[in-house]
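Below you'll find the structure, written out as structure tokens, and then a few comments.
The values are calculated or read from the model by the stated rules, or taken from the named source; none is laboratory data. These numbers come from a predicted model, not from an experiment. Using ideal geometry, Cβ is built from the backbone for each residue, glycine included, and neighbour counts are taken over all protein chains shown. Note: accessible area is taken over every heavy atom of the protein model, side chains too, but ligands, DNA and RNA are not part of it. Shrake-Rupley method; radii C 1.70, N 1.55, O 1.52, S 1.80 Å.
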Amino acid sequence: MTTSGFWKGARKTARIAGTLLGVGVAALVVWCLIPLAPTVAAMRPRPETRYWEMSRGYRIAYSKIPAQVAPDSAPGAPILFLHGGPGGYVHSSVLRTLAPLAREGHDLYFYDQVGSGLSDRLPRPKDYSFLGHVADLEEIVARHVAAGDGKVILIGHSYGGFLAAEYVALHPEHVERLVLSSP
């Protein structure tokens, strides 16, 4: 075999290898773009799930367990549970665990922070912020739960504990008690 024949064969082999590599890369890209079947069932609203329309244009999902108040007594401060995350949600086991507090005369509110659970998602990831979640809590307390001079009891779990602590620092006059769980 001559030197020129060797180079012709090498170029032909390189073209074939390049073509095969290109086809392989194209196949890999197409395979990566095929959507996966969901592995977890989508969350479904509980029968008691309701939505607050927020001033910034989205909805926040919540569940309420009404207070069971004796005829001769006044209801206690409403209790808001703030879940962990960001990106967590209110699990049914939390509702079952805290439900007995309704027998003590407290309305119980469990809400999914915007972008989590059954609440609306924001258009862009940069639209989410810690202070945005605190502002949502402020609006929920003022407009939906304890309108006027009413006070609330906050139970914050994990990230919800950070939100509750910041809210108390900004608005101590609206909080009767604060409970932190694994803040």
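Taking the Cα centre of the range 37-179 as origin, work out the dipole magnitude from +1 charges on Lys and Arg Cβ and -1 charges on Asp and Glu Cβ, in debye rounded to 20. Walk me through the numbers on the way to the answer.
Details: 14 positive and 15 negative charges, 113 e Å.
Computed charge dipole of the range 37-179: roughly 540 debye.
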**Asked** Of all DSSP beta bridges in the chain, what percent run antiparallel (nearest 5)?
**Response** 40 percent
**Item:** At q = 0.08, 0.12, 0.17, 0.20 Å⁻¹, base-10 log of I(q)/I(0) for the chain (Debye sum, equal scatterers on each alpha carbon)
**Value:** -0.39, -0.64, -1.08, -1.40
**Message:** Probe radius 1.4 Å, ligands and nucleic acids ignored: give me the carbon and sulfur share of the accessible area of the chain as a rounded percent.
**Reply:** 62 percent
**Asked** Helix-derived [θ] at 222 nm for the chain: sum -39500 (n - 2.57) over DSSP H runs of at least 4, divide by residue count, nearest 500?
**Response** -11000 deg cm²/dmol
**Asked** Where the centre of each part is set by its Cα atoms, how far does the range 57-113 sit from the range 128-175, in angstrom?
**Response** 14 Å
**Asked** Looking at the range 100-143, which trypsin sites (Lys or Arg not before Pro) are in a loop (DSSP not H, G, I, E or B) and have at most 16 other Cβ atoms within 10 Å?
**Response** Arg121
**Request:** Can you tell me the 0 to 90 degree angle between the C-alpha axis of helix 130-139 and the longest principal axis of the chain, rounded to 10?
**Result:** 30 degrees
**Item:** Distance-filtered residues of the range 109-136 - backbone nitrogen under 14 Å, label point 7 angstrom along Glu166 Cα→Cβ
**Value:** 113-114, 127-136
**Message:** Compute the helix-to-body angle for 3-33: its Cα long axis versus the longest principal axis of the chain, expressed 0 to 90° and rounded to tens.
**Reply:** 20 degrees
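Would you mind calculating the relative contact order of the range 50-107 from Cα pairs under 8 angstrom and at least 6 residues apart, reporting the percent as a whole number?
On the way: 54 pairs, mean separation 25.7, N = 58.
Answer for the range 50-107 is 44 percent.
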**Message:** Using the Cα centre of the range 1-101 as origin and beta-carbon charges of +1 (Lys, Arg) and -1 (Asp, Glu), tell me which of Pro71, Pro100, Gly85 is placed farthest towards the positive end of the dipole.
**Reply:** Gly85
**Asked** Accessible area per residue, 1.4 Å probe, Å², for the chain: what's the number?
**Response** 62 Å²
